[in-house]
Amino acid sequence: MRGKFISLEGGEGSGKTTAIHFIRQWLDDHNIPYIMTREPGGTPLAEEIRQLILSPREEVVNDTTELLLVFAARAQHLAEKIQPALDKGTWVISDRFLDSSYVYQGKARGGDIAMLDQLASWVVGDNKPNATLVLDVSVELGQERVVQRQHQDRLDKESLAFHQKVRDGFLERAKADPERVKIVDASQSLESVKIQIEKELSQLHKTWVGDC
Ligand SMILES: Nc1ncnc2c1ncn2[C@@H]1O[C@H](COP(=O)(O)OP(=O)(O)OP(=O)(O)O)[C@@H](O)[C@H]1O
Ligand SMILES: [Mg+2]
């Protein structure tokens with residue numbers, strides 16, 4: 001019985017990390033074994049690569065360099081953490097995963113989608129998430145929510161136009177693959193977001209219970 005793999009996606013301040021707590025509670029209530037993880041990162045080496053990707057720096061980061069660093073971290077994350085957990089029947093919940101690459105390095109940075117497809121096929125293969133929840137908020141509301149943060153990373157500092165492309169990118173991913181990618185209206189209250197997430201999880205669980 002392979003575990004199920006769920007990713008959380010959305011722009012800065014959309015509420016992904018907050019939503020993780022709601023998911024944790026739901027999984028505990030249903031006695032489902034799970035691990036929580038995040039990207040870029042998730043293992044010591046991948047977290048070091050995360051620092052390389054996100055630290056603000058003087059030097060211009062080449063788009064291809066950024067893309068390859070993200071996939072290098074992902075290869076490590078999959079081999080050392082995600083695959084072993086899924087193989088044991090443990091569910092994996094990841095704060096960001098492959099869709100973020102298509103949206104940030106593809107849509108927002110204008111990266112070559114055919115190249116992304118090749119990397120995805122090479123590095124991720126069949127280990128794609130079984131389901132993805134996209135936390136959707138306007139760019140303005142997302143920015144308002146994170147404005148109090150003291151440390152802004154290199155991607156937080158991007159322009160509003162960049163963040164708008166990120167939002168559009170996630171909505172396009174959902175439209176292209178509605179079976180897997182579900183949109184959560186994250187502009188609502190935390191209580192409403194929690195209810196939406198629980199509803200999605202219950203539906204997924206019902207669909208999967210036959211094959212898990
Ligand atoms: N639905 C909501 N209503 C009000 N505040 C919210 C809501 N969702 C999240 N917040 C608040 O907004 C802030 C950002 O949320 P969170 O850190 O979960 O976003 P994130 O998507 O993980 O952001 P990042 O991409 O920067 O990691 C937090 O202070 C959180 O408490
Ligand atoms: Mg977060």
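The values are calculated or read from the model by the stated rules, or taken from the named source; none is laboratory data. Model, not experiment: these values are computed from the prediction. Methodologically, a virtual Cβ is constructed for each residue, glycine included, from the backbone with ideal geometry; neighbour enumeration extends over all protein chains shown. Surface areas here come from the heavy atoms of the whole protein model, side chains and all, with no ligands, DNA or RNA. Shrake-Rupley method; radii C 1.70, N 1.55, O 1.52, S 1.80 Å.
What the table shows:
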quantity	calculated
Selected residue (criterion: modelled with the highest pLDDT) from residues of region 139-162 that are of a type in the set (A, V, I, L, M) and within 14 Å of ligand 2 (Cβ to nearest atom)	Val146
Candidates Glu198, Glu191, filtered to the one that is open to solvent by 40 Å² or more (accessible area, probe 1.4 Å), away from ligand 1 (no atom under 11 Å from the Cβ) and either under 17 Å from the mean Cα position of the chain (by Cα) or at negative phi (or both)	Glu198
Glu48 being surrounded by fewer than 15 Cβ atoms within 10 Å (Cβ to Cβ) and touching a helix residue (DSSP H, G or I) at 6+ places or on another chain (Cβ under 9 Å)	yes
Every pair of residues 6+ apart whose Cβ atoms lie under 6 Å, when the first sits in region 80-95 and is among the charged types (D, E, K, R) and open to solvent by 10 Å² or more (accessible area, probe 1.4 Å) while the second is at pLDDT 95 or above and away from ligand 1 (no atom under 16 Å from the Cβ)	Glu80/Thr43; Lys81/Thr43
Complete set of residues in region 140-175 that are of a type outside the set (D, E, K, R), surrounded by 11 or more Cβ atoms within 10 Å (Cβ to Cβ) and without any contact (Cβ under 8 Å) to a residue 60 or more places away in the chain	Phe162, Gln164, Leu171, Ala174
Helices (runs of 4 or more DSSP H) contained entirely in region 1-108, each with at least 3 residues that are hydrophobic (A, V, I, L, M, F, W, C) and within 15 Å of ligand 1 (Cβ to nearest atom)	16-29
Members of region 173-198 that are assigned to a loop (DSSP other than H, G, I, E, B), in contact with a helix residue (DSSP H, G or I) (Cβ under 8 Å, 6 or more places away or on another chain) and more than 16 Å from ligand 2 (Cβ to nearest atom)	Ser187, Gln188
Residue match in region 46-54 (condition: in contact (Cβ under 8 Å) with a residue 60 or more places away in the chain and more than 17 Å from the chain's Cα centre (by Cα))	no
Residues located in region 25-36, provided they are away from ligand 2 (no atom under 14 Å from the Cβ), in contact (Cβ under 8 Å) with a residue 40 or more places away in the chain and touching a strand residue (DSSP E or B) at 6+ places or on another chain (Cβ under 9 Å)	Leu27, Ile32, Pro33, Tyr34, Ile35
